[in-house]
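Asks: Encoded as structure tokens, here's the structure I'll be asking about.
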Amino acid sequence: MKYYDKLIFELSRPGRKGYELPADEYGKDAMSAIPSELMRGTEAELPEVSELDVVRHYTNLSMKNFGVDTGFYPLGSCTMKYNPKINEEIAAMPQFTQLHPLQDEKGVQGALELYYNLQQALANIAGLYEFTLNPYAGAHGELTGLMVMRQYHLSRGDEKRTKVIVPNSAHGTNPASAMVAGLEVVEVKSKPNGSIDVEDLKPLLDDTVAGIMMTNPNTLGMFETEIMEIAALVHEAGGLLYYDGANLNPLLGKVRPGDMGFDIMHINLHKTFSTPHGGGGPGSGPVGVVEHLAKFLPNPRVRKNADGSFSIESDGESLGSVSSFLGNFGVMMKAYAYILTLGRENLKNVGPLATLNANYIKESLKDDYLLPIDGVCKHEFVFDGLKDKSTGVTTLNVAKRLLDYGFHAPTIYFPLLFHESMMIEPTETESVETLDEFIDVMHKVAAEARETPEDVKNAPLTTIVRKLDETTAAKNPVLTYRQLKSAAEK
Ligand SMILES: *Cc1c(COP(=O)(O)O)cnc(C)c1O
């Protein structure tokens with residue numbers, strides 16, 4: 001073990017210090033501003049280290065991590081595309097970061113204009129009437145959108161519409177959001193190719209249906225060709241169509257959910273619009289709706305006045321508020337920079353290139369990996385493990401082995417429709433050379449699985465941490481230094 005691989009607590013030496021609290025604006029010790037009843041009674045157990053120790057500790061830690069800036073990251077359903085650095089630079093401008101949400105409207109006209117422009121850009125991209133940028137994440141957007149759906153039915157006195165239809169292949173957040181919104185989840189079956197079984201859907205469509213939640217292309221990356229019929233059936237029954245647009249990548253620039261008959265949708269700016277994610281945020285899950293639902297969107301919203309100025313408004317029929325102030329402004333600025341740097345013409349290439357890349361990998365690997373659903377996919381696809389499973393090498397083994405070759409694993413064991421699911425999404429930002437390298441490595445791992453299966457089963461062999469005991473990690477996680485010490489003493 002290298003010296004700086006030690007835990008920061010082990011580098012601690014009594015009295016060593018790397019900080020000095022500044023005096024307050026009156027020149028007094030900053031601590032004196034804290035009322036005595038709020039002061040802690042005992043010293044916090046913190047490592048006592050120098051600034052240099054801290055810098056090395058975090059820099060070394062960051063080098064043990066795998067990110068899209070260090071290697072190819074084909075994590076299906078997550079759209080781990082490259083995030084151009086200019087987005088970060090723009091979002092970090094002090095003109096943005098030093099704004100205060102309680103500042104007077106007149107002093108933040110520029111920021112409101114960008115906010116408004118992003119609302120409009122998303123509405124154009126989605127083919128919908130109005131967007132709120134308030135929600136903080138995809139699941140939060142789903143909840144907001146479903147609250148709009150509920151509010152719509154209640155406003156018509158249609159109180160018995162509490163049923164939301166969700167395909168059994170849906171992202172787990174869909175049924176969860178419906179439950180949190182106080183709605184009841186009803187599952188509709190998928191056909192073997194992953195698309196919704198319209199015959200199974202029909203009997204579910206009665207006067208208790210609030211709506212249906214779908215994503216198109218579906219979770220298996222296949223386009224729902226019967227979407228227009230589904231939309232007509234749901235609308236005839238008095239329900240609304242919700243589109244899970246967390247991954248808008250397959251459609252971007254080509255197809256608009258509004259044109260397919262959807263009434264409400266959310267978009268994950270932190271997937272499709274190139275904000276870094278995977279570390280848990282910050283995110284943004286804007287929600288768009290058709291015109292007659294716009295009045296139910298959450299408050300506050302940014303509007304453009306007749307004189308060209310911008311204001312923050314609250315409407316009476318709104319479902320209320322879902323966030324503090326206007327949402328995660330920094331994430332919005334990254335998304336806005338992304339849209340402007342690509343421009344209308346290049347934005348149209350995102351979906352087609354993401355689709356081309358996914359199909360290229362799928363066709364190149366289907367000799368070694370089991371492709372349960374053949375045909376042209378959109379931005380992602382699913383293998384059901386290795387074709388030759390005779391040596392007992394699993395999807396988990398293949399995923400771990402990829403780490404030895406410098407690639408992040410695909411999404412594994414999701415969707416649940418297959419036992420050995422391996423969901424691959426390359427995105428449009430990878431070069432053909434990177435894709436070829438990944439394809440070579442996947443073939444190499446398949447050959448190893450046949451010839452030297454133990455190498456694959458024991459993987460990863462070269463990573464900082466070897467195979468983890470995932471059950472213990474989930475059931476008895478050791479998250480603090482104190483827990484680690486007491487575990488070691490036992
Ligand atoms: C990622 C994702 C979500 C959830 O988004 P969060 O920002 O993680 O809450 C919902 N649906 C689909 C299809 C997704 O891929």
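The values are calculated or read from the model by the stated rules, or taken from the named source; none is laboratory data. On a predicted model such as this, the values are computed, not experimentally measured, just so you know. Neighbour counts are summed over all protein chains in view; Cβ atoms, including those assigned to glycine, are modelled from backbone coordinates with ideal geometry. The accessibility values were calculated without ligands, DNA or RNA, using every heavy atom of the protein model including side chains. Shrake-Rupley method; radii C 1.70, N 1.55, O 1.52, S 1.80 Å.
Asks: Return the lysines within reach of Lys334: Cα separation strictly under 23 angstrom, same-chain partners fewer than 8 residues apart disregarded; answer none if there are no such residues.
Replies: Excluding near neighbours in sequence, the set is Lys81, Lys85, Lys254, Lys271, Lys304, Lys348.
Asks: Right, something else. Hand me the trypsin sites (Lys or Arg not before Pro) from the stretch 121-161 located in a DSSP loop with no more than 13 other Cβ atoms within 10 Å, in residue order please.
Replies: Arg156, Lys160
Asks: Along the charge dipole of the chain, pointing to its positive end and built from +1/-1 on Cβ of Lys, Arg, Asp and Glu, which listed residue (Pro14, Asn349, Ala473) has its Cα farthest out?
Replies: Going by the Cα projections, it comes out as Pro14.
Asks: Within the stretch 15-64, list the chymotrypsin sites (Phe, Trp or Tyr not before Pro) lying in a DSSP loop whose Cβ has at most 12 other Cβ atoms in a 10 Å radius.
Replies: Sites meeting the loop and neighbour criteria: Tyr19, Tyr26.
Asks: Could you derive backbone 3J(HN,Hα) for the stretch 114-130 from the dihedral phi with the Karplus parameters 6.51, -1.76 and 1.60 (θ = phi - 60°), listing whole Hz in sequence and x where the residue is Gly or Pro?
Replies: 5, 4, 4, 4, 5, 3, 5, 4, 5, 4, 5, 5, 8, x, 10, 8, 9
Asks: Can you tell me the accessible area per residue over the chain, all protein chains present, probe 1.4 angstrom, in square angstrom?
Replies: Averaged over the residues of the chain, the accessible area is 49 Å².
Asks: Got a number for the accessible area of Thr79? Probe 1.4 Å, square angstrom, nearest 10.
Replies: Counting only protein heavy atoms, Thr79 exposes about 0 Å² to solvent.
Asks: Report, in deg cm²/dmol and to the nearest 500, the calculated mean residue ellipticity at 222 nm for the chain, where each DSSP H run with n ≥ 4 adds -39500 (n - 2.57) and the sum is divided by the residue count.
Replies: Result for the chain: -11000 deg cm²/dmol, rounded to the nearest 500.
Asks: Would you mind calculating the relative contact order of the stretch 99-347 from Cα pairs under 8 angstrom and at least 6 residues apart, reporting the percent as a whole number?
Replies: 26 percent
Asks: Less than 16 Å apart at the alpha-carbon level, and either on another chain or at least 8 residues along: which lysines does that give for Lys400?
Replies: Qualifying lysines at Cα under 16 Å: Lys64, Lys444, Lys457, Lys467.
Asks: Would you please give the residues with an amide H less than 5 Å from that of Ile165, counting only those at least 5 places away or on a separate chain, with H modeled from the backbone geometry?
Replies: Long-range HN contacts for Ile165: Val186, Gly211, Ile212, Met213.
Asks: How high is the relative contact order of the chain, given as a whole-number percent (alpha carbon pairs under 8 Å, six or more residues apart)?
Replies: Reported relative contact order: 17 percent.
Asks: From the Cα gyration tensor of the stretch 53-115, with a ≥ b ≥ c the square roots of its eigenvalues, which class applies: rounded if a/c is under 1.5, or else prolate if a/b is larger than b/c, or else oblate?
Replies: Oblate.
Asks: While we're on this one: What figure, in Å² to the nearest 10, do you get for the accessible area of Val54 with a 1.4 Å probe and non-protein molecules left out?
Replies: Surface open to solvent at Val54 totals about 50 Å².
Asks: Tell me whether the stretch 206-329 comes out rounded, prolate or oblate; compute the Cα gyration tensor, take square roots of the eigenvalues as a ≥ b ≥ c, and use a/c under 1.5 as the rounded threshold.
Replies: Judged from the Cα gyration tensor, the stretch 206-329 comes out oblate (a/c at least 1.5, b/c at or above a/b).
Asks: Ok, one more. If the cut-off is a Cα-Cα distance under 19 Å, which aspartates and glutamates reach Lys202, setting aside same-chain residues fewer than 8 apart in sequence?
Replies: Answer for Lys202, where 19 Å is the Cα cut-off: Glu184, Glu187, Glu224, Glu226, Glu229, Glu236, listed by chain and number.
Asks: Moving to a separate point now. At a probe radius of 1.4 Å, what is the per-residue accessible area of Leu484, in Å² to the nearest 10?
Replies: Leu484 has an accessible surface of roughly 80 Å² with all protein chains in place.
Asks: Moving on to the next point. What dipole magnitude, in Debye to the nearest 20, does the chain give about its Cα centre under +1 on Lys/Arg Cβ and -1 on Asp/Glu Cβ?
Replies: The calculation lands at about 760 debye.
Asks: Pull out a ≥ b ≥ c, the square roots of the eigenvalues of the alpha-carbon gyration tensor of the chain, then state rounded if a/c is under 1.5, prolate if not and a/b is larger than b/c, and oblate in the remaining case.
Replies: oblate
Asks: Then there's this: Over the stretch 350-463, what is the mean sequence separation of C-alpha contacts under 8 Å (at least six apart), divided by residue count, expressed as relative contact order in percent?
Replies: Relative contact order here is 32 percent.
Asks: Share of the chain's accessible area from carbon and sulfur, percent, 1.4 Å?
Replies: Result for the chain: 55 percent of the exposed heavy-atom area is carbon or sulfur.
Asks: Related question: Where in the stretch 55-163 are there GluC sites (Glu not before Pro) that are in a DSSP coil and have at most 16 other Cβ atoms within 10 angstrom of their Cβ?
Replies: Sites meeting the loop and neighbour criteria: Glu159.
Asks: In whole Hz and in residue order, list the ³J(HN,Hα) couplings for the stretch 176-187 that follow from phi through the Karplus curve 6.51 cos²θ - 1.76 cosθ + 1.60, θ = phi - 60°; x for Gly and Pro.
Replies: The phi angles translate into 5, 5, 4, 5, 5, 6, x, 9, 10, 9, 10, 8 Hz.
Asks: Shifting gears a bit: Work out the length of the dipole vector of the stretch 206-360 about its Cα centre, built from +1 on the beta-carbon of each Lys and Arg and -1 on the beta-carbon of each Asp and Glu, and round it to the nearest 20 debye.
Replies: 900 debye
Asks: Using θ = phi - 60° and the Karplus form 6.51 cos²θ - 1.76 cosθ + 1.60, what ³J(HN,Hα) does each residue of the stretch 450-459 get, whole Hz, x for Gly and Pro?
Replies: Coupling constants for the stretch 450-459: 7, 9, 10, x, 4, 4, 6, 5, 8, 5 Hz.
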